[in-house]
């Protein structure tokens, strides 16, 4: 694999792992919607998808005729596939840096203010006023919790109200640092080291790839 391809494949993964490690080393919980969490993951693996499975379907005749434009079209195809996936995702909230036991009393207090008729059943929760039914799913490895929709009927507006109220409550909380996040940062740094080593081993090939992309963009701008 050429240096440029390796950078395309590992660059987004390295950024994702380093950011995820920094989040887990923080002393504050972080709440994100399921769509944002899934979009970040899709962006992280986008480089691997482009130089891996998607490259297998590159039409070589079109590539020889249109050059880098083919890769732009393939990237757009990947983006549209991700967008479709995000649109059909079930409602979900992801809270980093907390455990189920830590989150449960905070969530119970927030829900009691939103709907006095909310009902718990184990790790499941129904909030009739918001039209929300969810289940708590904990991840011990990264110390995170997902609030996953349960049941067919869900109100998007109710999920947004829950996200806003729970985010405000978590902003006042402080947690201990998750030392397991150092493993994520370590893997991210290994990816960065692999990219730098590949560039150092063949800097001319990496420079040629960048120049080719630059020339293609210049031609594209001049054709407009």
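The values are calculated or read from the model by the stated rules, or taken from the named source; none is laboratory data. Fair warning: this is a prediction, and the values are worked out from it, not measured in the lab. Here the Cβ is made from the backbone with ideal geometry for all residues, glycine too, and neighbour counts use every protein chain on show.
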Q. Does residue 113 satisfy being at pLDDT below 95, more than 25 Å from the chain's Cα centre (by Cα) and assigned to a helix (DSSP H, G or I)?
A. yes
Q.
Looking at the stretch 116-137 only, could you name the residues that are surrounded by 17 or more Cβ atoms within 10 Å (Cβ to Cβ) and in a strand (DSSP E or B)?
A. 125, 126, 127, 132, 133, 134, 136
Q) Does the stretch 58-66 contain any residue that is out of contact with any strand residue (DSSP E or B) (no Cβ under 7 Å at 6 or more places or on another chain) and at pLDDT 85 or above? A) no
Q: Working only within the stretch 67-96, note down all residues that are at pLDDT below 90, surrounded by 11 or more Cβ atoms within 10 Å (Cβ to Cβ) and assigned to a helix (DSSP H, G or I).
A: 69, 70, 71, 72, 73, 74, 75, 77, 78
Q) What single numbered condition from (1) more than 24 Å from residue 29 (Cα to Cα); (2) surrounded by 15 or more Cβ atoms within 10 Å (Cβ to Cβ); (3) modelled with pLDDT of 85 or more fails to hold for residue 193? A) (2)
(Q) Taking the condition of being crowded, with 16+ Cβ neighbours inside 10 Å and part of a helix (DSSP H, G or I), how many residues in the stretch 1-34 meet it? (A) 22
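From the residues in the stretch 138-150 that are surrounded by 13 or more Cβ atoms within 10 Å (Cβ to Cβ) and modelled with pLDDT under 85, which one is farthest from residue 181 (Cα to Cα)?
We begin by selecting, within the stretch 138-150, every residue surrounded by 13 or more Cβ atoms within 10 Å (Cβ to Cβ); these are 138-139, 142-150.
Those still in the list that are modelled with pLDDT under 85 too: 139, 142-143.
Values: 139: 13, 142: 7, 143: 10 Å.
My answer is 139.
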Q | Members of the stretch 160-173 found to be in a loop (DSSP other than H, G, I, E, B) and under 13 Å from residue 95 (Cα atoms), listed by number | A | 171, 173
